[in-house]
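Below you'll find the structure, written out as structure tokens, and then a few comments.
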Amino acid sequence: DARVTQTPRDKVTEMGQEVTMRCQPILGHNTVFWYRQTMMQGLELLAYFRNRAPLDDSGMPKDRFSAEMPDATLATLKIQPSEPRDSAVYFCASGPGSSTDTQYFGPGTRLTVL
Amino acid sequence: DAKTTQPPSMDCAEGRAANLPCNHSTISGNEYVYWYRQIHSQGPQYIIHGLKNNETNEMASLIITEDRKSSTLILPHATLRDTAVYYCIVRLRQGGSEKLVFGKGTKLTVNP
């Protein structure tokens, strides 16, 4: 049963620290998405990639967030420096192609910045 | 911004059909209606999508009005495990436009 995996599942850190979240998309999927979910804002798209190239990162605060795909099996989302307002659940999703019908979501990383 | 309007919450009795409405009055001709759901503490899960014809799969049915300004997701025999937030999303289905814009969704509670 192919699934998107995310690590870590939970992360507690202090303000100012660097945070790296990792995502392994489903093998063969070439589109990867990063979403953030908070009580106030709901689910928001931060960025997405196709064939490892960024297509849209307009939802991502550029000063402290960065998203990369070092290879086809790994996507990373980095926050440096982290702030308490970054506390949220971060979801990664992957899809199989350019006319993706379905996005398959991972279990999320719950980030708490103290 | 989300282009859909959904009731914030609904209740349904276990075993009965759950009918979840969605308004999308500004939908354009090449935009599809998608439904996802999110069970507590999990990532969203795809349910179904459609353009103008009614659609059915193993999870649900989607009824789209003829003018396409609204739709209804039907869970024919709701179970307790269907308790979740259901999101109705309008989006283009073409390369480069895969982004999903989530609204607040409908919190469906299935009661025993």
- line: By the C-alpha gyration tensor axes a ≥ b ≥ c (rounded if a/c is under 1.5, else prolate when a/b exceeds b/c, else oblate), the shape of the range B:32-112 is oblate
- prompt: So which lysines can B:Lys69 reach, going by Cα to Cα under 29 Å and dropping same-chain residues fewer than 8 places off?
  reply: B:Lys3, B:Lys52, B:Lys99, B:Lys104, B:Lys107
Residues with amide H under 5 Å from that of A:Ala47, placed H, sequence gap 5 or more: A:Trp34
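Over the Cα atoms of chain A, what is the Rg over Rh ratio if Rh follows Kirkwood? Working shown, then result.
Numbers: Rg = 13.2 Å, Rh = 13.9 Å.
With Rg and the Kirkwood Rh in hand, the quotient comes to 0.95.
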- prompt: How many angstrom lie between the C-alpha centres of the range B:14-30 and the range A:65-95?
  reply: 32
query: Can you give the charge dipole size of chain A about its Cα centre, rounded to the nearest 20 debye, using +1 on the beta carbon of Lys and Arg and -1 on the beta carbon of Asp and Glu?
result: 120
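Read-outs: derived from the displayed coordinates by stated rules, not from any lab. Keep in mind the model is a prediction, meaning the values are calculated, not measured. Counting neighbours? That spans all protein chains shown, and the Cβs are built from the backbone with ideal geometry, glycine included.
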